[in-house]
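The structure appears below as structure tokens.
The values are calculated or read from the model by the stated rules, or taken from the named source; none is laboratory data. Keep in mind the model is a prediction, meaning the values are calculated, not measured. Cβ placement follows ideal geometry from the backbone for every residue including glycine, while neighbour counts extend to all protein chains displayed. Note: areas computed on protein heavy atoms with side chains; ligands, DNA, RNA excluded. Shrake-Rupley method; radii C 1.70, N 1.55, O 1.52, S 1.80 Å.
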Amino acid sequence: MLNEFFPEIPKIPYEGPDSRNPLAFKYYQPKKKVGDKTMEEHLRFSVAYWHTLTGTGGDPFGVATNLRPWLSITDPMAQAAARMRACFEILEKLDVPFFCFHDRDIAPEGATLRETNRNLDTIVEQARELIASTGKKLLWGTACLFAHPRYVHGAATSCNADVYAYAAAQVKKAIEVTHSLGGQNYVFWGGREGYDSLINTDMGLELDNLGRFLHMAVDYAKEIGFTGQFLIEPKPMEPTAHQYDSDVEACLNFLRKYDLLPHFKINIEQNHAILAGHTYQHEIYTARINGVLGSLDANEGAFLLGWDTDQMATNLYEAIFPLYEVLKAGGLAPGGLNFDAKLRRGSFEPDDIFIGHVAAMDTYARALEVAHRLLESRELEDFVQDRYASYRDGIGAKIVRGEVGFKELEAYALEHDQITNRSGRREMLEAIVNRYL
Ligand code: XLS
Ligand code: NI
Ligand code: NI
């Protein structure tokens, strides 16, 4: 096992619910069966490179705080290589099977695009060897089309065609790299694909250009034989005032309009859902009933703050219904649960990386078991089924079968205008859920 950067951290053991050790699992047991699959197969955990390896702890008001063993290495490429080794040490010690990255998380930009691509190739070669020797896998790759100043006005929605071309070159390379590492998905999060103000924006052209861009990606993937799942990740705002892929429904509309629906599924993030004014469950449910549930960015936003705080998920209750939806959808694969989550700025010591992931992994493991028992019991399912019973025969069945129009319904209503409703019993149902915690 790799043991270069965190020598004091052992491979995280399972000690069970009575353990008081922050560096031990209380609930997560990869091989434990929950229904017909193991926890590991259900949850498909992934470490997010940008937060866990590249993140600094800096925020808009303060500088970096994170103490990381590789920061003493000053040469950028040597530091990048050290971070990649540290990534695999973290994956092994946490028993996390997957990781995800943006191109620029893993290797630094050079002075030219050619040099940048060479830097990337060097680190990708190293990642390939580490994948081969550890058996870890790439859940998804993506391109960072938002950090560099060239993307100040967007990438595939930039007003500047040279920027559009550069973004295309970058995504082309990122898809190649993802393909070469056996990546199971490829994500598009349009950080700056939106606008700051409509006063200087041609929204129609920008959206058409984004549609064209994604078609080029689909065509190129086909050309090189990349069969991983393409995912689009909605977020309503930040850093833009409005991001075009604002929520699952907006993505569905966009994908349908530009004829991209057959090629894309959705990567849903809790913090983005709540920024859009939705629950995580709402977004996953919407994706599920439209057949586009792809993958999850598993984090937790602060309900009182209006930005993407990307916290490690530790709120058990909030994790239950998202997993209930995943179970109803029949699972996430080839997607997974990617910890797009960073430690709080005050949690800056190296072992916080492990403490934070263990806390979140245990939260989801426990939530999975609760969601599974709840679904198996059918207590909620039966109630909901019964609530809509009026659509199973009589006039309801005729509505569902499309056999009646307004005239027939009027004739029916004239004969049945003394209506009785039944209670929705929300409080009773919430109390039922509490029995499963
Ligand atoms: C930012 C996004 C980003 C994507 C990948 O808010 O969550 O991290 O997941 O580009
Ligand atoms: Ni994300
Ligand atoms: Ni995010």
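Quick notes on this one:
- Modelled FRET efficiency - R0 35 Å, Ala333 with Asp121, Cβ distances, 0.05 increments: 0.75
- Unsatisfied cross-links (Cα-Cα over 28 Å) in the set Lys33/Lys222; Lys137/Lys265; Lys32/Lys172; Lys26/Lys265; Lys32/Lys222; Lys136/Lys172: Lys33/Lys222; Lys32/Lys172; Lys26/Lys265; Lys32/Lys222
- Each of the peptides 427-435, 115-123, 299-307, 135-143 was scored by the mean count of other Cβ atoms within 10 Å over its residues; in descending order, highest first, they stand as 135-143, 115-123, 299-307, 427-435.
- Listed residues His263, His179, His102, most fluctuating in the chain (Gaussian network, C-alpha, under 10 Å): His263
- Within the same chain, aspartates and glutamates fewer than 8 places from Lys173 are excluded, and of the rest, those with a Cα less than 12 Å from its Cα are Asp103, Asp121.
- Taking a straight Cα-Cα cut-off under 12 Å and skipping sequence neighbours fewer than 8 places away in the same chain, the aspartates and glutamates within cross-link reach of Lys31 are Glu40, Glu41, Asp95.
- Packing order of peptides 323-334, 365-376, highest average first: 365-376, 323-334 (average count of other Cβ atoms within 10 Å over each peptide's residues).
- Once the chain from Thr309 to Ile432 is taken as fully extended at 0.36 nm per residue, the excess over their C-alpha distance is 41.2 nm.
- Between Glu129 and Arg401, the modelled label-to-label distance comes to 6.9 nm, taking each label 7 Å out from Cα in the direction of the beta carbon.
- Two-site label geometry, Asp196 and Ala64: point separation in nm, points 7 Å out along Cα→Cβ: 2.6
- Accessible surface computed residue by residue for the chain, with neighbouring protein chains in place and a 1.4 Å probe, gives 47 Å² per residue.
- Apportionment of accessible area to carbon and sulfur, the chain, percent (1.4 Å): 53
- Every Cα-Cα pair of the chain was included, and the share exceeding 35 Å stands at 34 percent.
- FRET efficiency for His242 and Ile289, using Cβ-Cβ distance with R0 set to 22 Å, rounded to 0.05: 0.30
- Its relative contact order, with pairs defined as Cα atoms under 8 Å and 6+ residues apart, puts the range 292-378 at 39 percent.
- Bridge type composition, the chain - antiparallel percent by DSSP, nearest 5: 20
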